[in-house]
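Undergrad: My questions all concern the structure below.
Any read-out appearing in this document is the output of simple, stated calculations on the displayed coordinates, not a laboratory observation. Given the structure is predicted, the values throughout are model-derived calculations rather than measurements. Cβ placement follows ideal geometry from the backbone for every residue including glycine, while neighbour counts extend to all protein chains displayed.
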Amino acid sequence: MLNDHTETGKILSGLLPEEISAACNLTQRFHAMQIFQWIARGTELFADMTNIPLKERERLTQDFAVHNSRCGTVLKDPDGTVKLGIELYDGSRIETVLLFDKNERKTACVSCQVGCPMGCTFCQTGQLGCLRNLAPNEIVEQFLHLEKICGRLDNIVFMGMGEPLLNLGAISKTIAILTHPKGRNLSHRRITLSTSGICKGIYELADSSFDIRLAVSLTTADEALRTELMPVTKANPLPELKKAIRYFNEKTGKRVTLELALLKNINTSLDAAKQVCAFTQGLDVHINLIPWNPVDSLPYTTPSDSEVRTFYSYLTAARLNVTVRQKRGRTIGGACGQLGKKSC
């Protein structure tokens, strides 16, 4: 039986050292740092924390838990992508994915919500609705589960199930835990957050102390079409989104990635490319083209390679920085927009 999420202070993976000390009422505060370091190394049982006194370990085992989730299933794609089905305390299930780039660097793609409330019409996760936000420990544990199964990770991206900017508090806590110099010590520069385009959250992220990267799912720079495909546009119209991205550029000095999920004969025309070019004027951005990953229940088609090349060529001719994302994880429902596609 998994521990009840309502007793957040009893689950130590979501706490910083000083919080562990207070929650566990430790008489020796340095034990809190030792526990924190054991957790960062992937230890799940207090019994294995050998530099903690035996009586203390027994007390902790009785009253607390390291984790509040477990890895239910593991799916592996022939291309190396790995998808985990994570079981939560309340019976909910989320998915997290291990991605490889061309240099074989390992990236954890983690979820921040159970489902997603944004309703993007081309995304499987968006069809699920949203049950709740994840707690910090539930996000941290995705990273730790992946490391246990796949080895040490190089990066983390908040691009899984859910809209990160609607759970920014938990994500901020996750970042503080994973980047702690006495713990996992992950570099802020190895962290990326992806949003569907919530302007208020982009401003908040720009004003925060976290030196992380931002990706924005643009998909199209046609206001009417984007509103149809991405309902978030109604409250966050493209002119306001552009202002928020410019603010992030100026405040952080960082380039923003614009992600375009390419849908055959919908957002891949010459006019669509011209609209994207116009939107990027005055912004420091990199464009990531993502040929749509198939979901049987959705009414879209993946564009042909020729269609993608033509769109890519127009953007590069306009001197934009553009890449085309590799097709990975499709056979296990682990590619962009597919999470929740298959029972995991």
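Undergrad: Would you grab the residues whose amide H sits under 5 Å from the one on residue 285? Only those 5+ places off in sequence or on another chain, please, with H modelled 1.01 Å from N.
TA: Residues meeting the criterion, in which the H sits 1.01 Å from N, are 256.
Undergrad: Which order do 220, 27, 331, 179 fall in if you start with the one that has the fewest other Cβ atoms within 10 Å?
TA: The order, fewest Cβ neighbours first, is 27, 331, 179, 220.
Undergrad: OK, next. Tell me, what does the Kirkwood hydrodynamic radius of the range 205-248 come to in angstroms if you use every pair of distinct C-alpha atoms?
TA: For the range 205-248, inverting the mean 1/r across all distinct Cα pairs yields 11.5 Å.
Undergrad: What fraction of the DSSP beta bridges in the chain is antiparallel, stated in percent and rounded to the nearest 5?
TA: The antiparallel fraction comes to roughly 45 percent.
Undergrad: For residue 195, which sequence-distant residues (separation of 5 or more, or a different chain) have an amide H within less than 5 Å of its own amide H, given hydrogens modelled in the peptide plane?
TA: Correct list: 215, 216, 217.
Undergrad: Output the relative contact order of the chain, whole-number percent, from Cα pairs under 8 angstrom with separation of 6+ residues.
TA: Relative CO of the chain lands at 15 percent.
Undergrad: Can you pull the semi-axes for the chain, root of five times each eigenvalue of the Cα gyration tensor, sorted largest first, whole Å?
TA: Taking √(5λ) for each eigenvalue gives 38, 21, 17 Å, largest first.
Undergrad: Same structure, new question: Out of every Cα pair in the range 294-344, what percent are spaced more than 17 Å from each other? Walk me through the numbers before you get to the answer.
TA: Details: 634 of 1275 pairs.
When every Cα pair of the range 294-344 is considered, 50 percent fall beyond 17 Å.
Undergrad: Continuing with this model, one more query. Using the Karplus curve 6.51 cos²θ - 1.76 cosθ + 1.60 with θ = phi - 60°, work out ³J(HN,Hα) for each residue of the range 33-48 in order, rounded to whole Hz, and write x for Gly and Pro.
TA: 5, 5, 5, 4, 5, 4, 5, 4, 7, x, 6, 10, 10, 4, 4, 8
Undergrad: Please label the shape of the range 8-63 as rounded, prolate or oblate, based on the square roots a ≥ b ≥ c of the eigenvalues of the alpha-carbon gyration tensor (a/c under 1.5 means rounded; beyond that, a/b larger than b/c means prolate, else oblate).
TA: The shape class here is rounded.
Undergrad: Residue by residue through the range 325-335, which ³J(HN,Hα) values in whole Hz follow from phi under the Karplus form 6.51 cos²θ - 1.76 cosθ + 1.60 (θ = phi - 60°), with glycine and proline marked x?
TA: Taking θ as phi minus 60°, the curve returns 5, 5, 7, 9, x, 5, 6, 10, x, x, 7 Hz for the range 325-335.
Undergrad: Counting other beta carbons within 10 Å of each Cβ, put 69, 13, 208 in order, fewest first.
TA: Result, fewest neighbours first: 208, 13, 69.
Undergrad: Grab the beta carbon distance between residue 47 and residue 255, set R0 = 45 Å, and tell me the FRET efficiency rounded to 0.05.
TA: 0.45
Undergrad: For a quick check: with amide H placed at 1.01 Å from N, whose amide H comes under 5 Å from residue 79's, ignoring anything fewer than 5 positions away on the same chain?
TA: For residue 79, whose amide H was placed from the backbone, the distant partners under 5 Å are 329.
Undergrad: Compute the length gained on full extension between residue 103 and residue 70: take 0.36 nm times their separation in residues and subtract their Cα-Cα distance, giving the result in nm to one decimal.
TA: On the way: separation 33, 0.36 × 33 = 11.88 nm, distance 2.97 nm.
Length gained between residue 103 and residue 70: 8.9 nm.
Undergrad: Rounded, prolate or oblate: pick one for the range 114-217, where a ≥ b ≥ c are the square roots of the eigenvalues of its C-alpha gyration tensor, a/c under 1.5 means rounded, and failing that, prolate if a/b is larger than b/c, else oblate. Intermediate results must be reported in sequence, preceding the final value.
TA: Details: a/c = 1.91, a/b = 1.32, b/c = 1.45.
Oblate shape, in that a/c is at least 1.5 and b/c is the bigger or equal ratio.
Undergrad: Within a 10 angstrom radius of the beta carbon, how do 327, 106 rank from fewest other beta carbons to most?
TA: Numbers: 327 13, 106 19.
So the residues, fewest neighbours to most, are 327, 106.
Undergrad: Any idea what log10 I(q)/I(0) is at q = 0.12, 0.17, 0.18 Å⁻¹ for the range 9-150, Debye with uniform C-alpha scatterers and no solvent?
TA: Taken in order of the listed q values, log10 I(q)/I(0) reads -0.57, -0.97, -1.04.
Undergrad: Return the sequence-ordered ³J(HN,Hα) values of the range 67-73 in whole Hz as given by the Karplus equation 6.51 cos²θ - 1.76 cosθ + 1.60 applied to θ = phi - 60°, using x for Gly and Pro.
TA: 10, 10, 9, 9, 7, x, 9
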